[in-house]
Amino acid sequence: MRPARDDDSSPGLVGVLLLAAWFLAALLFAALPLGAGVVVACVVPGLGGMRSGLSIPAVIGLLVTIVAGAAIIGERPERAMQLLLPSRPRLQRPAAELIVFALLSIAFLAPLASLTGAVTAAAVASAGYRCLEPLLQRAEERRR
């Protein structure tokens, strides 16, 4: 039998729901550049658009899954390139970015109907993340 506690330090149901809502909101915000890539691939004629039968919530779920997968992968492609190309430090980062771009293009094949649409969506998403990177770095510097 557990002893009685004087303080109630557990977050409770409301706290857990708020934490889950903040986490989901952060994932959705992080998936915005991916969503922009999907929109461009659907709007530009000749790129094939989305696969038939996919609903918008399914596509949003897939984009959030891609973001979560990217968070798990992290900087592993850069580390792998450091191990594979130790004598070529100038090629390590571009090679890692090429690997990530290829993985992102493959991930976009699930909701999009063609390879050209997937590559275009990956390019738009990569450009979006590249534009957001300085803003995130400034915000991190302000926190310090």
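Considering region 45-104 alone, what residues qualify as being charged (D, E, K, R) and not in a helix (DSSP H, G or I)?
Here is the first cut: in region 45-104, the ones charged (D, E, K, R) are 51, 75-76, 78-79, 88, 90, 93, 97.
Arg51, Glu75, Arg88, listed by residue number.
Going by the structure shown, is Leu24 surrounded by 10 or more Cβ atoms within 10 Å (Cβ to Cβ), in a helix (DSSP H, G or I) and modelled with pLDDT under 95? Can you show your working first?
Numbers: surrounded by 10 or more Cβ atoms within 10 Å (Cβ to Cβ): yes; in a helix (DSSP H, G or I): yes; modelled with pLDDT under 95: yes.
Judged against the criteria, Leu24 is a match.
Do the conditions hold for Leu19, that is, is it loosely packed, with under 14 Cβ neighbours inside 10 Å, of a type in the set (A, V, I, L, M, F, W, C) and closer than 22 Å to Ala125 by Cα? In short, no. Using the structure shown, decide if Met81 is touching a Cys at 6+ places or on another chain (Cβ under 7 Å), on the phi < 0 side of the Ramachandran plot and surrounded by 15 or more Cβ atoms within 10 Å (Cβ to Cβ). Taking the combined requirement at face value, the residue does not satisfy it. Residues of region 55-77 include none that is at pLDDT below 90, in contact with a Ser or Thr (Cβ under 9 Å, 6 or more places away or on another chain) and not charged (D, E, K, R).
Evaluation of Asp8 against the conditions (1) part of a helix (DSSP H, G or I); (2) at pLDDT below 90 shows that the sole unmet condition is (1).
The values are calculated or read from the model by the stated rules, or taken from the named source; none is laboratory data. Given the structure is predicted, the values throughout are model-derived calculations rather than measurements. Cβ atoms come from the backbone with ideal geometry, glycine included; neighbour counts cover every protein chain shown.
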